[in-house]
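Working notes, beginning with the structure itself.
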Amino acid sequence: MASILLLFIILAVTNGNDEVETIRQEVQRLANIVISLQNQVVDLQSQQKRDTRANTPEYGFMAMLSYNIGNLHLNQPIVFDKVITNIGDAYNSQNGMFTCIVSGTYLFNFNIMADTTEYVEAALAVNGIHINNAISDHTGSTIWDMGTSSALLRLREGDVVSVVIQWPDRADNTLHANGFTTFSGYLLRQAESSFIHKRQII
C-alpha cells in the first residue's frame, strides 16, 4: 500500500514538473514575440522619420545689404538686395519680402548696424504687424553697435515677412552694409493638415 502511494506521489510530481516546463516555454515564446514586435515598432518609427524628412520641402534664405542705405522712414521695408541663399525662391530681393509658400514653423533672424553717430530701430513684421525689434545705437559711442533679433513663428501660406524701419523717421540716418545688416529665415517643419489657419507666435 505504501509503495502504491509513493508511486502516485512520484507521478504527480513528475506531471507537475512537466506542466511548469510547458508554461515556462510558453512564457519565453511570448516574450520573444514581444521583443520582436518592439523592434518592428522602432524600425517603423525610424522609417517614418526618414520619410517625413525626405518629403518635407526646403525653404530658406539669407540676404544682406550690398551698400549703405539712408533716407529711412517709418515702416519702410529694408530691401536686402544681395542674396546669399534662396532655397525655394520665396524671398524677393527687389522688395525685401519673404512670402510663405508652405504653412509651417519658421525661424527668422535679422541684424542691423547704424552708421557712426546714428541710431536706428528695426522690426520684424508679418503682414505689416511688428513682431520683435532690434536697435543699433551709435549716438553715445564710437564703438560699432549691432542690433539682432530672432523669432520663431507659425506661418500660413501667403503670409509676408519683412524687416521694416521702426524709428526714427529721419532722412539722414543710415544702415551700414558690408555684411552687418542681414536677414535670414528657414522652414523648420511643415504644418500638419489640421493646422489652424491663424498665425501664432510660439
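Key figures
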{"item": "Note, ³J(HN,Hα) from phi for region 146-158, Karplus 6.51, -1.76, 1.60, rounded to Hz, x at Gly and Pro", "result": "10, x, 9, 7, 10, 8, 9, 10, 9, 10, 10, 3, x"}
{"item": "Order of Leu74, Leu65 under a 10 Å beta carbon neighbour criterion, fewest first", "result": "Leu74, Leu65"}
{"item": "Region 42-190: relative contact order as a whole-number percent, Cα under 8 Å and 6+ apart", "result": "36 percent"}
{"item": "Order of His138, His130 under a 10 Å beta carbon neighbour criterion, fewest first", "result": "His130, His138"}
{"item": "Amide H contacts under 5 Å for Met97, placed H, 5+ residues apart", "result": "Asn92"}
{"item": "Footprinting exposure proxy for Ile129, Ile165, Ile112 (fewest neighbouring C-beta atoms within 10 Å first)", "result": "Ile129, Ile165, Ile112"}
{"item": "Amide H contacts under 5 Å for Ile131, placed H, 5+ residues apart", "result": "Leu124, Ala125, Val126"}
{"item": "Inter-centroid distance (Cα atoms) of region 119-152 relative to region 82-101, Å", "result": "20 Å"}
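Since every read-out is calculated from the coordinates, none of them should be taken as a lab result. Keep in mind the model is a prediction, meaning the values are calculated, not measured. With ideal geometry, Cβ positions are generated from the backbone for all residues, glycine too; neighbour counts draw on all protein chains shown.
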